[in-house]
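Contents: one structure, followed by commentary.
The values are calculated or read from the model by the stated rules, or taken from the named source; none is laboratory data. Keep in mind that this is a model prediction, so the values were computed, not measured. When we count neighbours, we look across all protein chains shown, and the Cβ atoms used for this are built from the backbone with ideal geometry, even at glycine.
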Amino acid sequence: MKKLKAIRNQRSYKKDADSVRRLAAMFQPESYSEFHAHPDFDEVFQRWIANDSDSGFDLIRLWSFVLNLKRTLSRCPGSVAELGVYKGQSSVVLSYYAEKFERKMYLIDTFQGFSEQQFEEDMGEGKQKAFKDTSLEVARAAVGNYLGNRWVVGVFPHSITDEMRADTYAFVSIDCDLYEPAKEGLQFFWPRMNAGGMIFVHDYSSGHWPGITRAVDEFCNATGARGFLLPDLQGSFILVRQDTAAHGMEIKPETPQHADADHDAIVALAVERALAAVRAEYTALPRFAYHLPLDYDVQTLPPQFDPPVWVEGEALPLPPPGERHGHAGDDAGYLDWGKYDHDVILNYIQNALPSLEGLSVMDFGCSSGRVLRHFRSEIQKYGWRLTGVDVSARRIEWLRRYFPPEFQVYTGTVLPILPFESNSFDAIYGVSVFTHIKFLWDMWLLELRRVLKPGGVLIQSIHTEHAWDFFARHGNEDWARDALGQMIVDNKLMPADFVYYGDIDKNQVFWKKEIAVAFWSRYFRDVQIYPPPERYSYQDWVVARK
């Protein structure tokens, strides 16, 4: 390695792929160096070293990724995943080929280093603090904007999504360094691997992370799975999911223990796939009166959260980044955004109601309290009674655990039913809720009208032409096309009076301004629509009275 670094220092190979060929020809297949196969390698290499030039020396690992990804994805169905993304060095390669072969790519990490709940016995302070010099934004910038990327934020396996559970896989990289997530990763992905699929486990024989060696060895002993080692810098271990029916021969487990484990894995996978189908349906379809539950497992235990974030001068804790539901990951930005929306909403309430004393106010779609937290000053100053409602049971559970009881919070349902008596609230506000109510939006307006007091004010943000223009200006970015598909690229102006786009699970709702006024005026009086505030938002605000 020292000799290679000395050679590297004589010339900047980051900008000259030819010098890389001369420097490390011994590590490259002749199909590339002699016969010019794999023309994609030069682009992949530049991505590989973009954030860490020293990674260029681990050409064995890179070529192992390139050759096996191309071969596996050309023969094996299923998605791609990496457990342990860090800054995205290897994920950029996996995502590159996932896009080439039109596969989904799951990128799984806390994106803030190890959480305290992951610390292992005898784990030194250096390892505890490792990998914290990253963020979701850093990884996204490195990996790119492929539409098939699925960013999964949080502590594994608690971060597993229903989409992941229902999926099958062709290629998985496990690079999480610790015993517990590595063990859970093998147990989760192995029964979902299609025949011929591969799992690369990094650091097996590096000596730095003994928990990885232990997790792989225990897994192989329990299941009868077999693999082989790579002579890359950190000693990766490769597992290949065999087709037991290949050539008419059945591969027999070596011991009864292996037979039992294999049978259990098959049964577990069948049960898990059935449950995943139930989850997907019951979670999404509004015809069922279910909220979004914590899980559908036979046994439900309290959800695991990363520790709350305490900021000097704040009386209430902040949720950890994984519980902020897409809002700012940095603490200052999260607080400032919530306070700004609070000020906008408070101004509308002041202008609509004769007094601020003793109001009963609902945050409709409160998430983990981004805006709601800032109305604590109104509790103290005016004696307000605050209520938060959200369809996400996990967010409500976080609030129940970490906010004081003067914040009354409830899990709602996907049906327009609220557990409150008629004429209960002086004001109801919501940020980016009716932007996603494609079904039964009129029934929801009627339900909100029912629980509002006579003369009460409804304040909700919506998508109008302003939002459409914002999406259109970003039409070639993955988040905009994920929201509205090719429509947002082809139509710079709203193509109709209203547009409802997406499926039952995830959708976007747009109204032209005059149509929104006409629709909402059927159920409320004095309907006014105000343009987006100067900061943070592209959504208009509707203010209406009962």
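Key figures for this structure:
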| item | result |
| --- | --- |
| Enumerated helices (runs of 4 or more DSSP H) restricted to segment 453-529, each holding at least 1 residues that are within 22 Å of residue 349 (Cα to Cα) | 513-520 |
| Complete set of residues in segment 399-422 that are of a type in the set (Gly, Ala, Ser) and within 25 Å of the chain's Cα centre (by Cα) | 412 |
| Residue satisfying all of: in segment 434-452; part of a helix (DSSP H, G or I) and touching a Ser or Thr at 6+ places or on another chain (Cβ under 9 Å); surrounded by the most Cβ atoms within 10 Å (Cβ to Cβ) among these | 451 |
| Members of segment 211-234 that are assigned to a loop (DSSP other than H, G, I, E, B), under 22 Å from residue 68 (Cα atoms) and touching an Asp or Glu at 6+ places or on another chain (Cβ under 7 Å) | 232, 233, 234 |
| Condition broken by residue 192, with the remaining ones in (1) of a type in the set (D, E, K, R); (2) at pLDDT 90 or above; (3) within 19 Å of residue 61 (Cβ to Cβ) satisfied | (3) |
| Some residue of segment 457-469 being more than 30 Å from residue 163 (Cα to Cα), surrounded by 15 or more Cβ atoms within 10 Å (Cβ to Cβ) and among the hydroxyl-bearing types (Ser, Thr, Tyr) | yes |
| Residue list for segment 117-148, filter: of a type outside the set (A, V, I, L, M) and either at pLDDT 65 or above or in contact with a His (Cβ under 9 Å, 6 or more places away or on another chain) (or both) | 122, 127, 132, 133, 134, 135, 137, 140, 144, 145, 146, 148 |
| Number of the exception - residue 534 against (1) in a loop (DSSP other than H, G, I, E, B); (2) touching a residue at least 24 places away in the same chain (Cβ under 8 Å); (3) more than 27 Å from the chain's Cα centre (by Cα) | (2) |
| Every residue from segment 336-369 that is buried (at least 19 other Cβ atoms within 10 Å of the Cβ) and without any contact (Cβ under 8 Å) to a residue 40 or more places away in the chain | 338, 342, 346 |
| Test: residue in segment 190-210 that is of a type in the set (D, E, K, R) and outside any strand (DSSP E or B) | yes |
| Among residues of segment 128-157, those that are touching a residue at least 60 places away in the same chain (Cβ under 8 Å), over 26 Å from residue 234 (Cα atoms) and surrounded by fewer than 19 Cβ atoms within 10 Å (Cβ to Cβ), counted | 4 |
| Members of segment 309-362 that are of a type in the set (Val, Ile, Thr) and in a loop (DSSP other than H, G, I, E, B) | 311 |
| Meets criteria (on the phi > 0 side of the Ramachandran plot and modelled with pLDDT of 90 or more) for residue 360 | no |
| Among (1) outside any loop (DSSP other than H, G, I, E, B); (2) of a type outside the set (A, V, I, L, M); (3) modelled with pLDDT of 95 or more, the one test that residue 395 misses | (3) |
| Exclusive hit being modelled with pLDDT of 90 or more, assigned to a loop (DSSP other than H, G, I, E, B), buried (at least 16 other Cβ atoms within 10 Å of the Cβ) and not basic (Lys, Arg), set 108, 160 | 160 |
| Number of the exception - residue 409 against (1) of a type in the set (A, V, I, L, M); (2) closer than 25 Å to residue 341 by Cα; (3) not in a strand (DSSP E or B) | (3) |
